[in-house]
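Presented below is the structure to which this report refers.
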Amino acid sequence: MAGRSMFEEREGEQPLAEDPGAMPGDGHIVFIGRIRSPWTTREECPKNMGAAREKGGGATVEVDAPYRPGLAGLDRASHVVILTWLQHAPRNLIIQKPRHASDAKGVFGLRSPARPNPVGLHIARLVKLDIEAGVLTLEAIDALDGTPVIDLKPYIPSVDAYPDAVFGRSE
């Protein structure tokens, strides 16, 4: 299984019949840059942005030269949405059992990196932006060093924040 070396198999997990990583693609993803972080192993990498801010260390996004003109205007944002490709994650698990949970859950009810398309979503404070060098300095990040970046967007609180949102509701 692709990516399984970093992810142990747990009781109650269910793989897909076919690994999405082995299927023909129907889109073309372009990596526009890479994350540079202090985290080199899955064990030391924070599990979420709250933990990343607590651990400290900062991080950067290095944007490849052809995409740097696209950074114009991003300096208006205090925070940036970073979409990454979590290349080490297995893509064939549809039911997972998180370490901290008593029951297995569907992949779409989890924030796990193991999913059919391992896209990471990170919202980070933008400390500094050097458009010419293509470097975004971030307060923190919950991604391994070298993680490919597939997109950047400004975080817009009036559009992106839902103050009445909840997680864990029962029906």
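Selection of the range 132-156 for residues being β-branched (Val, Ile, Thr) and open to solvent by 70 Å² or more (accessible area, probe 1.4 Å) yields only Ile156.
Quick grid of which residues meet (1) open to solvent by 80 Å² or more (accessible area, probe 1.4 Å); (2) modelled with pLDDT of 95 or more; (3) within 20 Å of Ala51 (Cα to Cα):
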site	(1), (2), (3)
Ala77	no, yes, no
Leu121	yes, yes, yes
Ala124	no, yes, yes
Val127	yes, yes, yes
Ser158	yes, no, no
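Taking Pro66 as the residue in question, decide whether it is of a type outside the set (A, V, I, L, M), open to solvent by 30 Å² or more (accessible area, probe 1.4 Å) and more than 18 Å from the chain's Cα centre (by Cα). Considered against the rule, which asks whether it is of a type outside the set (A, V, I, L, M), open to solvent by 30 Å² or more (accessible area, probe 1.4 Å) and more than 18 Å from the chain's Cα centre (by Cα), Pro66 comes out as yes.
Regarding Gly50, is this residue in contact with an Asp or Glu (Cβ under 9 Å, 6 or more places away or on another chain), free of Cβ contacts under 8 Å to residues at least 24 places away in the same chain and not basic (Lys, Arg)? So Gly50 passes the test.
Summed over the range 96-119, the residues that are within 26 Å of Phe31 (Cβ to Cβ), crowded, with 17+ Cβ neighbours inside 10 Å and among the charged types (D, E, K, R) give a count of 1. Report yes if Gly70 is modelled with pLDDT under 95 and in a helix (DSSP H, G or I), otherwise no. No; evaluated as a whole, the condition is false for this residue.
Note on the range 17-30: residues that are assigned to a loop (DSSP other than H, G, I, E, B), touching a residue at least 12 places away in the same chain (Cβ under 8 Å) and surrounded by fewer than 15 Cβ atoms within 10 Å (Cβ to Cβ) amount to 3.
For the range 40-63, filtered to residues that are assigned to a loop (DSSP other than H, G, I, E, B) and open to solvent by 30 Å² or more (accessible area, probe 1.4 Å), the residue that is farthest from Gly134 (Cα to Cα) is Glu43.
The values are calculated or read from the model by the stated rules, or taken from the named source; none is laboratory data. Just so it is clear, the model here is predicted, and its values are computed rather than measured. No Cβ is skipped: glycine too gets one built from the backbone with ideal geometry, and neighbour counts run over all protein chains shown. Please note that ligands, DNA and RNA were not included when accessible areas were found on the heavy atoms of the full protein model with its side chains. Shrake-Rupley method; radii C 1.70, N 1.55, O 1.52, S 1.80 Å.
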